């Protein structure tokens with residue numbers, strides 16, 4: 001379920017990144033906010049991810065001092081606004097080939113998505129469109145945390161209502177081509193899920209926890225259906241109507257059972 005203001009603060013004493021399907025080895029922080037906010041963010045990232053390799057992308061005129069050099073590998077963009085052609089520059093190419101796992105960037109706003117003025121998120125997205133475009137081109141749109149002025153974390157799809165919904169992936173396997181919604185799965189992870197459902201060693205019910213738009217469920221259902229194996233039981237706290245379009249398009253609506261409930265309730269069934 002998408003976090004809302006008040007329960008996802010990066011400065012919280014016990015903050016942890018929600019469970020993700022990969023190890024966070026390399027982190028990029030894009031400095032786009034006031035200096036004090038940026039310094040605190042950099043310090044906190046280093047605390048929360050002590051084993052990760054840290055990269056900082058900043059304006060060439062911004063100076064954080066020598067204290068960062070021990071942990072942070074620093075990259076610069078020319079004075080002014082981060083330009084659309086940055087990835088074609090020498091520094092941009094280094095970022096693009098650094099195999100970054102997770103991105104943070106800060107905004108000089110108090111986003112508060114669950115407040116009456118939540119539509120201001122559209123304005124924030126427009127103001128930081130250059131950064132959002134960069135992370136999209138890096139293929140890390142789903143692996144980006146936005147820190148607002150209160151250090152509450154949001155994700156790009158929460159403030160930008162066009163790009164994320166339009167992202168559709170055509171994925172081809174030897175026995176099927178699927179039209180998938182956006183997911184947090186890598187290409188190898190998609191391939192592995194399909195293989196396990198098609199011809200894996202497991203027996204019994206197939207359960208998917210966390211449905212969102214149905215990407216994982218579709219992969220499992222398609223592989224299982226081709227082999228005439230078990231149907232898929234999927235659970236989530238939220239239900240998104242768009243997921244049914246993808247089930248139908250991939251012809252697996254008859255091979256999936258979705259329930260709007262948490263995993264503990266699902267396990268009891």
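Does residue 170 satisfy the criteria of being surrounded by fewer than 22 Cβ atoms within 10 Å (Cβ to Cβ) and over 26 Å from residue 136 (Cα atoms)?
Taking the combined requirement at face value, the residue does not satisfy it.
Could you tell me which of the residues 247, 235, 212 is surrounded by 16 or more Cβ atoms within 10 Å (Cβ to Cβ) and on the phi > 0 side of the Ramachandran plot?
That would be 212, the only listed residue that is surrounded by 16 or more Cβ atoms within 10 Å (Cβ to Cβ) and on the phi > 0 side of the Ramachandran plot.
Please enumerate the residues belonging to the stretch 82-110 that are in contact with a strand residue (DSSP E or B) (Cβ under 9 Å, 6 or more places away or on another chain) and free of Cβ contacts under 8 Å to residues at least 60 places away in the same chain.
Listed by number, the residues that qualify are 82, 83, 86, 89, 91, 92, 94, 110.
Checking residue 222 against (1) in contact with a strand residue (DSSP E or B) (Cβ under 8 Å, 6 or more places away or on another chain); (2) more than 20 Å from residue 254 (Cβ to Cβ), only one condition comes out false. Which one?
(2)
Rundown of residues vs (1) closer than 14 Å to residue 106 by Cα; (2) outside any loop (DSSP other than H, G, I, E, B); (3) in contact with a strand residue (DSSP E or B) (Cβ under 8 Å, 6 or more places away or on another chain); (4) outside the structural domain of residue 91 (by TED's automatic domain parsing), yes/no style:
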| position | (1), (2), (3), (4) |
| --- | --- |
| 12 | no, no, no, yes |
| 15 | no, no, yes, yes |
| 21 | no, no, no, yes |
| 33 | yes, no, yes, no |
| 47 | no, yes, no, no |
| 54 | no, yes, yes, no |
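Taking the residues in the stretch 1-23 that are modelled with pLDDT of 90 or more and touching a helix residue (DSSP H, G or I) at 6+ places or on another chain (Cβ under 9 Å) as candidates, determine which candidate is farthest from residue 77 (Cα to Cα).
Ranking the qualifying residues of the stretch 1-23, first place goes to 11.
Conditions: (1) within 19 Å of residue 191 (Cβ to Cβ); (2) within 20 Å of the chain's Cα centre (by Cα); (3) in contact (Cβ under 8 Å) with a residue 40 or more places away in the chain. Residue 226 meets all but one. Number of the miss?
For residue 226, the failing item is (2).
Pairs under 9 Å by beta carbon, first residue assigned by TED's automatic domain parsing to the domain that holds residue 249 and part of a loop (DSSP other than H, G, I, E, B) in the stretch 181-202, partner surrounded by 14 or more Cβ atoms within 10 Å (Cβ to Cβ) and modelled with pLDDT under 80, six or more apart or different chains?
Listed pairs, sorted by first residue: 182/164; 182/167; 182/169; 183/169.
Just for the stretch 113-139: of the residues that are under 24 Å from residue 42 (Cβ atoms) and not in a helix (DSSP H, G or I), which one is modelled with the lowest pLDDT?
Residues of the stretch 113-139 that are under 24 Å from residue 42 (Cβ atoms), as a first pass: 124-125, 127-139.
Remaining after also requiring not in a helix (DSSP H, G or I): 128, 138-139.
Values: 128: 92, 138: 88, 139: 83.
Among residues in the stretch 113-139 that are under 24 Å from residue 42 (Cβ atoms) and not in a helix (DSSP H, G or I), the one modelled with the lowest pLDDT is 139.
List the residue pairs whose Cβ atoms are under 6 Å apart, where the first residue sits in the stretch 239-252 and is in the same structural domain as residue 178 (by TED's automatic domain parsing), the second is assigned to a helix (DSSP H, G or I) and surrounded by fewer than 19 Cβ atoms within 10 Å (Cβ to Cβ), and the two are 6 or more positions apart or on different chains.
247/253
Quick one: would you say residue 259 is in contact with a helix residue (DSSP H, G or I) (Cβ under 9 Å, 6 or more places away or on another chain), touching a residue at least 12 places away in the same chain (Cβ under 8 Å), more than 27 Å from residue 131 (Cβ to Cβ) and assigned to a helix (DSSP H, G or I)?
no
The values are calculated or read from the model by the stated rules, or taken from the named source; none is laboratory data. Predicted, not measured: the structure shown is a model, and the values here were computed from it. Methodologically, a virtual Cβ is constructed for each residue, glycine included, from the backbone with ideal geometry; neighbour enumeration extends over all protein chains shown.
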